[in-house]
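K.L.:
Before anything else, here's the structure in question.
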Amino acid sequence: DHRYISSGIFFSHTAGTHPSGGETPTSKRRMISPTPLSQNRPPLRRPLYGPIWMAAAAVLFGFFDTLCKHLTSFMPVANIVFLTLLIRAAMITPAVIRRKEKIWRGRKEFILLCLRGVLGAGAFLCMVRAMKMGTLSTTMVLFYTNPLWALIFGAIFLGEKLTIKRLYGIIAAFAGAA
């Protein structure tokens, strides 16, 4: 009995499977069960996919930030932030509903997710307000120092180790941002 996946569904060969993995005319296939692809496929081994998606994200965020800066010339900052977050929520809601699994495990996770949402919305509000008051390039350089702050807060609140190497990295990054 040889099993394989085709379009996310398990199939089983009962006869006629060629040793190379191909089918012979006498082979029969029967569906065993529909299974999500992520549970049965090995991880993708395409090293360029990650950087390609990241480059696409960088270009889209660059366009997004430029559009936000343009909108600040004739729209109130609060309106920009509200509409942007509303559209984001509307776009992600179908994917969350379709998953059919719990989004969080308990009250603590729910509170932490809500806190993250409030902090994210506050950060976005600060960023758009800064765009209105200053140049886009300065705003974005300062905004994207956030990984450095995450490193520092991770050390303070999560007990992550701050090594000398990481401290030099923080100093170099802040010097580069300045």
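The values are calculated or read from the model by the stated rules, or taken from the named source; none is laboratory data. The structure displayed is predicted, hence computed values, not measured ones. All Cβ positions, glycine included, derive from the backbone under ideal geometry; neighbour counts span all protein chains shown. Note: areas computed on protein heavy atoms with side chains; ligands, DNA, RNA excluded. Shrake-Rupley method; radii C 1.70, N 1.55, O 1.52, S 1.80 Å.
K.L.:
Using beta carbons and a limit of 8 Å, which pairs, at least six apart or on different chains, have the first residue in segment 116-130 and closer than 14 Å to Asp65 by Cα and open to solvent by 30 Å² or more (accessible area, probe 1.4 Å) and the second one small (Gly, Ala, Ser) and part of a helix (DSSP H, G or I)?
P.N.:
Leu125/Ala78
K.L.:
Continuing with this model, one more query. What tally of residues in segment 139-178 results from selecting those that are surrounded by fewer than 13 Cβ atoms within 10 Å (Cβ to Cβ), polar (S, T, N, Q) and closer than 30 Å to Phe63 by Cβ?
P.N.:
1
K.L.:
At least 3 residues that are among the charged types (D, E, K, R) in each: list the helices (runs of 4 or more DSSP H) lying fully within segment 67-178 that qualify. Break it down stepwise before answering.
P.N.:
Numbers: elements: 77-99, 107-133, 136-143, 146-157, 164-177.
Output list reads 77-99, 107-133.
K.L.:
For segment 38-63: of the residues being assigned to a helix (DSSP H, G or I) and more than 30 Å from Thr135 (Cα to Cα), which is modelled with the lowest pLDDT? Outline the logic, then answer.
P.N.:
Residues of segment 38-63 assigned to a helix (DSSP H, G or I): 38-40, 49-63.
Narrowing the set further to residues that are more than 30 Å from Thr135 (Cα to Cα) leaves 38-40, 49-50.
Numbers: Ser38: 49, Gln39: 54, Asn40: 56, Tyr49: 83, Gly50: 85.
Taking the candidates together, the pick is Ser38.
K.L.:
Go through segment 99-109 and count every residue that is at pLDDT 85 or above and open to solvent by 90 Å² or more (accessible area, probe 1.4 Å).
P.N.:
2
K.L.:
A further question on this structure: Any residue in segment 56-85 that is over 18 Å from Leu142 (Cα atoms) and among the hydroxyl-bearing types (Ser, Thr, Tyr) sitting within a Cβ distance under 9 Å of a residue that is open to solvent by less than 40 Å² (accessible area, probe 1.4 Å) and outside any loop (DSSP other than H, G, I, E, B)? List the pairs, counting only those 6 or more apart or interchain.
P.N.:
Every condition considered, the pairs that remain are Thr72/Ile80; Thr72/Val128; Thr72/Met131; Thr84/Cys68; Thr84/Phe124; Thr84/Val128.
K.L.:
Looking at segment 91-122, which of its residues are of a type outside the set (Phe, Trp, Tyr) and in contact with a helix residue (DSSP H, G or I) (Cβ under 8 Å, 6 or more places away or on another chain)? It would help to see each step written out before you state the result.
P.N.:
Narrowing segment 91-122 to residues of a type outside the set (Phe, Trp, Tyr): 91-103, 105-109, 111-122.
Answer for segment 91-122, where residues must be of a type outside the set (Phe, Trp, Tyr) and in contact with a helix residue (DSSP H, G or I) (Cβ under 8 Å, 6 or more places away or on another chain): Ile103, Ala121.
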